[in-house]
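To start, the structure itself, in structure tokens.
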Amino acid sequence: MANKQPSFFIQLNTLFYAMMAGAFLFALAATFLQESFAAESDEALGNWLPALAIGWAVSSAFAADFLFKKKLEGIRADQPLGARQDLFRAAFIMKIAFLEGAALFCITAFLITGSTWALVAGIGALGWMSLNRPSLTLLQDAMKLSPAEMEAISSGQV
């Protein structure tokens with residue numbers, strides 16, 4: 001019996017939830033450990049690092065959306081389904097990585113400075129990341145799927 005690969009949609013969801021869980025667990029650990037690991041820093045670090053983290057989170061969210069849309073422009077309906085899947089997968093991983101990176105940076109800023117604003121920005125980045133979960137509608141629109149291809153993906157055949 002041949003090993004059956006998980007479907008494309010299941011692979012995307014598994015990747016998404018793994019990245020979300022890792023960032024969430026890091027945020028949880030940082031929240032509980034912040035008191036004991038807070039750096040003895042000067043006041044200036046506590047003033048500018050949270051602001052930088054918030055700016056990083058906002059700019060990463062915009063960059064993730066912009067680059068995701070730019071990568072999706074390369075998908076054409078006349079391409080083979082496998083090629084469209086590869087392009088979509090690359091765009092999706094890039095988008096989620098940008099958002100996760102911003103969340104981790106903000107949470108690290110919280111861990112270093114103890115600034116609640118940095119933690120709020122990190123949780124906001126995680127929240128925005130959670131809103132970008134892959135869906136069948138997103139796949140259909142982005143990959144320009146025919147009804148037959150959409151049925152194959154939704155049933156787990158591809």
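Rule-based calculations on the coordinates, nothing more; no lab input. It should be emphasised that the depicted structure is a prediction, and the values quoted were computed from it without experimental measurement. Here the Cβ is made from the backbone with ideal geometry for all residues, glycine too, and neighbour counts use every protein chain on show.
A few points about this structure:
- In nm, spacing of pseudo-spin labels at GLN11 and LYS69 (7 Å Cα→C-beta vector): 2.7 nm
- Only helices enter the 222 nm calculation for the chain: every DSSP H run of n ≥ 4 contributes -39,500 (n - 2.57), and dividing by all residues gives -27000 deg cm²/dmol, rounded to 500.
- Pairwise centroid distance, computed over Cα atoms, of the range 52-69 with the range 137-158, Å: 28 Å
- Options [x] 14.2, 38; [y] 18.8, 57; [z] 18.9, 64 - which one matches Rg and Dmax of the Cα atoms in Å as calculated here: [z]
- Taking a ≥ b ≥ c as the square roots of the eigenvalues of the Cα gyration tensor, the range 78-158 is classed as prolate, since a/c reaches at least 1.5 and a/b is larger than b/c.
- In degrees, nearest ten, helix 43-72 long axis to first principal axis of the chain (Cα): 10 degrees
- Simple label model, 7 Å out from Cα along Cβ direction - LEU138 to PHE62, nm: 2.1 nm
- Charge tally in the Cβ shell below 15 Å around LEU67, where Lys, Arg are +1 and Asp, Glu are -1, LEU67 excluded: +2
- Degrees between helix 116-130 axis and first principal axis of the chain (Cα, 0 to 90, nearest 10): 0 degrees
- Fully extended contour minus Cα-Cα distance, from LEU52 to ALA18, at 0.36 nm per residue: 9.6 nm
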